[in-house]
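Derivation of every value follows stated rules applied to the coordinates shown; laboratory data play no part. Since the model is a prediction, treat every value here as computed from it, not as a measurement. Please note: Cβ atoms are built from the backbone with ideal geometry, for glycine as well, and neighbour counts cover all protein chains shown.
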Amino acid sequence: MTTGNLTPLGLVLLSGLPGAGKTTFARRLAELLPADHYESDAVRFELAGKPTYAPAESAKVFATIERRASASLKAGHVTIVDATNLTQRDRKRFLRLARSIGLPLVAVMVVAPEDVIRARTGSPRDGYSEATTEIYEQMKPRLQAFTVPAVVVDTRYPLEPSLSLIQRLLDAN
C-alpha cells in the first residue's frame, strides 16, 4: 500500500539468531526507505536500564514494541521490528498487527554462516546487543521457519540487493 506521495507502507518483521546481522540490516533499510526502526535490545535498555532478560521484562519490551509499531503504522510510516523473533509464537503479535491494520507484512529471515555468527558474538559489538556465543548456542535450537512467505538475507554478502528487494516488495503493495 502506498500513500499519495508513493511512500511505501508496511511492516518489515525481522527474525534471526543473535549475531546474524539483523540490526545492521534494519539500520540500512530504515535509512533507505525511510522507516521507523524498533530494535528490541535498544527498547530493553530504555525500559530496564540494566536488563535481566526475565520473562516479565521481555513481555514488557515486546508489548512496548507492539504499541510503538502500531502507532507508527497507523501514522503511515514503514515500520521495522528488529528482534530475534525465533518462533511462531514470538512473531504472532506482529503478524496479527499487520493484518489488523490492513497493511502488508514483509517477513525477513536474516542469516549468516555459523562461523560468521560465532566471530560476531565472540567479540565486543557496537550497539545494545549483549548476545554472546553462549547465548547464540542457547537460542539456536529455537529457530523456526516463517509460516508466511519470507525473504532470506545472508549478511555475509552485500546488503544492497536485499535492501532493494524489500523496498520493491513494499512498493508493490
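With springs only between Cα atoms under 10 Å, which of Thr23, Thr52, Thr155 fluctuates most in a Gaussian network model of the chain? The residue that fluctuates most here is Thr52.
Largest first, the three principal axis extents of the alpha carbons in the chain are 47, 36, 28 Å in whole numbers.
3J(HN,Hα) along region 122-127, derived from phi through the Karplus expression 6.51 cos²θ - 1.76 cosθ + 1.60 where θ = phi - 60°, amounts to x, 9, x, 10, 6, x Hz, with x in place of Gly and Pro. Distance between the pseudo-spin-label points of Met139 and Ala56 (7 Å out from Cα toward the beta carbon): 2.3 nm.
Please list, by residue number, every one of the GluC sites (Glu not before Pro) in region 93-173 that is coil in DSSP and has at most 14 other beta-carbon atoms within 10 Å. Mind showing how you got there, number by number?
Values: sites: Glu114, Glu130, Glu134, Glu137; in loops: Glu130.
Those that pass, being in a loop and sparsely packed, are Glu130.
Taking amide hydrogens as placed 1.01 Å from N in the peptide plane, the amide H of Ile80 sits under 5 Å from those of Val12, Asp36, His37, Tyr38, each at least 5 positions away in sequence or on another chain.
Beyond 24 Å between alpha-carbons counts as too far, so tell me which of Lys50/Lys74; Lys22/Lys60; Lys60/Lys92 fall in that bin. Beyond 24 Å between Cα atoms: Lys50/Lys74. Helical content alone sets the calculated 222 nm signal of the chain at -14500 deg cm²/dmol, taking -39,500 (n - 2.57) per DSSP H segment of four or more residues and averaging over every residue. Across the chain, the relative contact order, built from alpha-carbon pairs under 8 Å that are at least six residues apart, equals 38 percent.
For the pair region 100-173 and region 31-53, the centres of their Cα atoms are 16 angstrom apart.
Once the Cβ-Cβ distance of Arg99 and Thr132 is raised to the sixth power relative to R0 = 30 Å, the FRET efficiency obtained is 0.25.
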